Amino acid sequence: MKSLSLNKITSKGKALYLAYDQGLEHGPEMDFNDNNIDPLYILDIAKKGKYNGVVFQYGIAEKYYKEIKKSKVPLILKLNGRTKLVSGEPISAQLASVKDAMNLGAKAVGFTIYIGSEHEEEMLEEFAKIRDEAYVHKLPVIVWIYPRGKKIKNDVSRENLAYSARTALEIGADIAKIKYGGKKDDLKWAVKSAERTKIVIAGGVKKNEKKFLKDVKDIMGSGAIGLAVGRNVWQAKDPLGITKKIKKIIWG
Amino acid sequence: MKSLSLNKITSKGKALYLAYDQGLEHGPEMDFNDNNIDPLYILDIAKKGKYNGVVFQYGIAEKYYKEIKKSKVPLILKLNGRTKLVSGEPISAQLASVKDAMNLGAKAVGFTIYIGSEHEEEMLEEFAKIRDEAYVHKLPVIVWIYPRGKKIKNDVSRENLAYSARTALEIGADIAKIKYGGKKDDLKWAVKSAERTKIVIAGGVKKNEKKFLKDVKDIMGSGAIGLAVGRNVWQAKDPLGITKKIKKIIWG
Amino acid sequence: MKSLSLNKITSKGKALYLAYDQGLEHGPEMDFNDNNIDPLYILDIAKKGKYNGVVFQYGIAEKYYKEIKKSKVPLILKLNGRTKLVSGEPISAQLASVKDAMNLGAKAVGFTIYIGSEHEEEMLEEFAKIRDEAYVHKLPVIVWIYPRGKKIKNDVSRENLAYSARTALEIGADIAKIKYGGKKDDLKWAVKSAERTKIVIAGGVKKNEKKFLKDVKDIMGSGAIGLAVGRNVWQAKDPLGITKKIKKIIWG
Amino acid sequence: MKSLSLNKITSKGKALYLAYDQGLEHGPEMDFNDNNIDPLYILDIAKKGKYNGVVFQYGIAEKYYKEIKKSKVPLILKLNGRTKLVSGEPISAQLASVKDAMNLGAKAVGFTIYIGSEHEEEMLEEFAKIRDEAYVHKLPVIVWIYPRGKKIKNDVSRENLAYSARTALEIGADIAKIKYGGKKDDLKWAVKSAERTKIVIAGGVKKNEKKFLKDVKDIMGSGAIGLAVGRNVWQAKDPLGITKKIKKIIWG
Amino acid sequence: MKSLSLNKITSKGKALYLAYDQGLEHGPEMDFNDNNIDPLYILDIAKKGKYNGVVFQYGIAEKYYKEIKKSKVPLILKLNGRTKLVSGEPISAQLASVKDAMNLGAKAVGFTIYIGSEHEEEMLEEFAKIRDEAYVHKLPVIVWIYPRGKKIKNDVSRENLAYSARTALEIGADIAKIKYGGKKDDLKWAVKSAERTKIVIAGGVKKNEKKFLKDVKDIMGSGAIGLAVGRNVWQAKDPLGITKKIKKIIWG
């Protein structure tokens, strides 16, 4: 029993991931244009920007298997997902297995949990099985963990950020992807709550570049090991330009 | 890990399928007459019209196994289905397995997913298992993917068509069967959203022939690889006549 | 892959079955008297009347195993059932397996599906598994298929009879047991809808003999292969007398 | 395929069991005092009273394994149960397996089914699996079968008693434990409805001794093979005294 | 079949455990400060205080595996849990297996059951499977058992304490962790109700030291074998000081 190495998806203990599961989570109309709708456009950014990983669902990972392999960008296979079209308390469907991840050459797996949802139990139990199976194959597990449900008033409150981060530790995630609510001290508390589980921050909706880079600085100052960016990069006019700026903040 | 070949169910990259799962989905009263109620009538059209595949549920595929085999029309086995009699959010029951498909000599499998339904998660998870099993046997997977549920106002809106098509890609379908809402530009956007997942269009209810052929032209102009027709052919007075016209548009 | 033989449960392509699952479905108070409450009374009728099969639930089939075997009446083991005491949309519980049927020497299995029920999906999926397993053992599958649920106004309408019969074909039943609504033309349409799946008609509640025999004539004139009778026989004063009359109509 | 022997849990075809699952079903406050709260007190009564079986849940059977074994009282392991604290339609949780029963040296297993509950289907299906597994090991199956749920007005009506008893036969129980509503004729009808499934009567709440013994006489006169007593014995001042009186009625 | 030994998690038949699953159950904001948020702080108390066990969820047990092993504090792996963010009747998700416990070197496993919850059945059934598996590996099973749900007015009433304790015995737990309602006689009754299942008391929210130590005396006078403390120790200014005082009461 020993901790997994995160070497394949970090550099000097820090990380920058390119997330691209929005096609399923939000639909093309909301986030995509004629360029970024193409997985190869994203893969190209990830490759040239030397990202520590690119996040794809099974379908893209399989249909672009050769290009991903050739790019040498570490694949982070997202194992569950949902459309935004469903009403009611959120649940994410398991769309791929750890075995799929191994077959596709993934270097880590991702899994979404909505704590606070009426379906929390089901997602936690699916997660536990995936965690155990991934452990056998020495695949790090990254949990996308967001408070969501009737009782949740503010999903980025100090309390909820820390609760998300801590839950990730308690259930055995290697890395937790959480949101940033704009208050550095709250994030510090969340990072502290996660202890040996590493924290990366979701980039979220496209923001003004200056504002976004300010956030990146605060995030890195909080003890998080990095970010999983998406729209702020691949919706940008100059994705590699903004990438360079983010990386400079992360690695100095 | 490499993409499946669609050779057995396409010609020169294009496809025309004859769909015949309406007996279960709608009931005989709604769609059938004394001729087309007979699976042999349909199989005869598929054979003489040289369709790239005929879509049957398990029962018909098994009870007409010899005739289907002899016809050499590629069998596309539909693996799930439901009656229209049930109230509430739609869910399609799994009625056959990939193993059934192999036993019946199918060349592809079909699976319905209602994105937006409260049962979306269950259908997505069943799909993922079927996809993995079909992959092992090199059987292409065609997903019938329709937005349905409380939040869905217009299932053929630009946004929903693209969302359906993209979901098919993200979850790893080889071909997605979606509807056409009558706007060519919207369909182009959906085809673009699906990227390496191919799009075929559902023929839908019987239309005026002229109107229907106009639609076929628009559909083929959008980048879709073809159609899965049913009622517009087997409810027509001259099924082979209309077939010939459709094929001329598809293959020129 | 070839069709199952129905030889063991038909004579010259026609069939008369004695159904006796009312003890579970309706309870003794509703249908039974001091005679017909005894399975041996029923078995005796089945034997002397040379029925093509007698329908029992697991418990009776097991507790009267020796007598059933000795009688040489083909056993049709009903695999699911429910009490009438439950509120809400109907679902039938799986009470026996195909393996049980084999152990008990059954010559066919029976399975109830309520199409239109909110639990339709669950019953369809259980059916599909049973069908596949029965196929391996060459056991014919008879489906008791009735429309039931919020959307169903008239379960013996022309539309619903045909829908039931067609569903039986689409899902791969060998024989479908449906109701008769009293209109011969509607039944013909249902028989036509079922195509290669054979139709037998449920006898239903006890009727005036003349009326009942008139129905039997219409049923046989519709293309159905026979009936599954119960109360109209074992509630009759002279069960063998009425049996003889029914058989005369069926086989002439 | 042949019927199980009930020899290990009957004497001359009659039976008296000591039931002690009230700790889980009702809680200690309702039924227990400082004496009868102790399983050894109950085991002592069962041993000295030469009961045909003592009914325990898994926990007691395991924690008092040595004493039970030494006592030579046949163990009837109850396989499911619930607390009375839950609202809504009743369901009994499976707490032990047939394998557990074999490991603990049980001579029969017990299983509760609430017919009429919205969860009837789930209990029936669990029962069927247990029945099949018990059959392999030649362990008799005793079903605690009670009508319960929205539609049930009177759970000891003639109709409901007979329905319970008949259901036990139809599903394949060897013995059914039902209630007695105070009308001997109704019970006779229930016993008749059960046919080859044996009937034992639940003792129920503590009654006046005279009244209780009168009931025992009526029960034995109805064709039931005996009783499963609990509170009327272990809440009595002289448990062995009342036991002797009951046995005298049963065996004469 | 023989009872498990509790030797590895007791001393002279008594026990003091350090519970630390509050990070998942309550979230960091509610219970933690900069010191006690760190699992190593807790482990240090457990080691220096010579606790009979420390309770961790899987994530902490795995990420701090080396330190726990080195500390020689017996690990009690909690196998299920939930966040307090979910609405509705409580259910605890299974987050680790008995196999996980073995891999992590645990000396016992913990499992929460909310009797009275609409999900009681599901938790009871999961528990039964874990109990059987743990039995094979000779791992003691500790059940956190609390009445919770619509029907529960006072979860520490005499009746509910005894019901919790008794349920633990009936279902086969080795040790039951219950609450103390402040009335020694009620607790004595609960301890009596549990018979051979041992009782430990949950420390609960931080109390005035004097009041808390008074409670500990009453608890030990009731027949309970000890306590599982958490906040009253690791929120205290001098955790080892209070530990010493508690131990003096327990072991004299």
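Some observations on this one:
- In segment A:52-72, the residue that is nearest to the chain's Cα centre (by Cα) out of those that are in contact (Cβ under 8 Å) with a residue 40 or more places away in the chain and more than 11 Å from every other protein chain (Cβ to nearest Cβ) is A:V55.
- Figure legend. Inter-residue proximity from segment A:212-239: first residues at negative phi and touching a residue at least 60 places away in the same chain (Cβ under 8 Å), second residues of a type in the set (S, T, N, Q) and part of a loop (DSSP other than H, G, I, E, B), beta-carbon distance below 9 Å, spacing 6+ or different chains. Indicated pairs: A:I225/A:T10; A:R231/A:N36; A:W234/A:N35; A:W234/A:N36; A:Q235/A:N33; A:Q235/A:N36; A:P239/A:N36.
- Candidate set from segment C:84-94 (those that are facing chain D (nearest Cβ under 7 Å) and small (G, A, S)); member that is most open to solvent (accessible area, probe 1.4 Å): C:G88
- Scanning segment E:64-80 for residues that are over 23 Å from E:Y114 (Cβ atoms) and in contact with a helix residue (DSSP H, G or I) (Cβ under 7 Å, 6 or more places away or on another chain) yields E:Y64, E:E67, E:I68, E:S71, E:V73, E:P74, E:L75.
- Spans of helices (runs of 4 or more DSSP H) in segment C:1-81 with at least 3 residues modelled with pLDDT of 95 or more and out of contact with any Ser or Thr (no Cβ under 7 Å at 6 or more places or on another chain): C:22-25, C:39-48, C:58-63, C:65-71
- Segment B:129-145: number of residues that are more than 19 Å from B:I178 (Cα to Cα) and part of a helix (DSSP H, G or I): 7
- When the residues of segment D:204-214 are filtered to those that are touching a helix residue (DSSP H, G or I) at 6+ places or on another chain (Cβ under 9 Å) and under 14 Å from D:K245 (Cα atoms), the one that is most open to solvent (accessible area, probe 1.4 Å) is D:E209.
- Among (1) surrounded by 18 or more Cβ atoms within 10 Å (Cβ to Cβ); (2) at the interface with chain A (Cβ under 9 Å from one of its Cβ atoms) - the single one E:G105 does not satisfy: (1)
- Residue that is surrounded by the fewest Cβ atoms within 10 Å (Cβ to Cβ) [pool: residues in segment E:124-166 that are over 24 Å from E:L187 (Cα atoms) and more than 10 Å from every other protein chain (Cβ to nearest Cβ)]: E:V136
- B:E170 being facing chain A (nearest Cβ under 8 Å), out of contact with any Ser or Thr (no Cβ under 6 Å at 6 or more places or on another chain) and open to solvent by 30 Å² or more (accessible area, probe 1.4 Å): no
- Qualifying residue in segment A:95-102 (condition: open to solvent by 10 Å² or more (accessible area, probe 1.4 Å), within 11 Å of chain B (Cβ to nearest Cβ) and in a loop (DSSP other than H, G, I, E, B)): yes
- Counting the residues of segment A:100-123 that are without any contact (Cβ under 8 Å) to a residue 24 or more places away in the chain and farther than 21 Å from E:A93 by Cα gives 1.
- Qualifying position, being of a type in the set (A, V, I, L, M, F, W, C) and touching a residue at least 60 places away in the same chain (Cβ under 8 Å), among D:A168, D:A202, D:A176: D:A202
- Restricting segment A:1-49 to residues that are more than 14 Å from chain B (Cβ to nearest Cβ) and among the small types (G, A, S), the residue that is surrounded by the most Cβ atoms within 10 Å (Cβ to Cβ) is A:A46.
- Checking each residue in segment A:109-123 for being at the interface with chain E (Cβ under 7 Å from one of its Cβ atoms), outside any loop (DSSP other than H, G, I, E, B) and open to solvent by 30 Å² or more (accessible area, probe 1.4 Å) picks out only A:E121.
- Residue count for segment A:75-93, restricted to those that are of a type outside the set (A, V, I, L, M) and under 16 Å from the mean Cα position of the chain (by Cα): 5.
The values are calculated or read from the model by the stated rules, or taken from the named source; none is laboratory data. All values reported here derive from a predicted model rather than from experimental measurement. Cβ: placed from backbone, ideal geometry, glycine included. Neighbour counts: every protein chain shown. Ligands, DNA and RNA are excluded from the accessible area calculation, which covers all protein heavy atoms including side chains. Shrake-Rupley method; radii C 1.70, N 1.55, O 1.52, S 1.80 Å.
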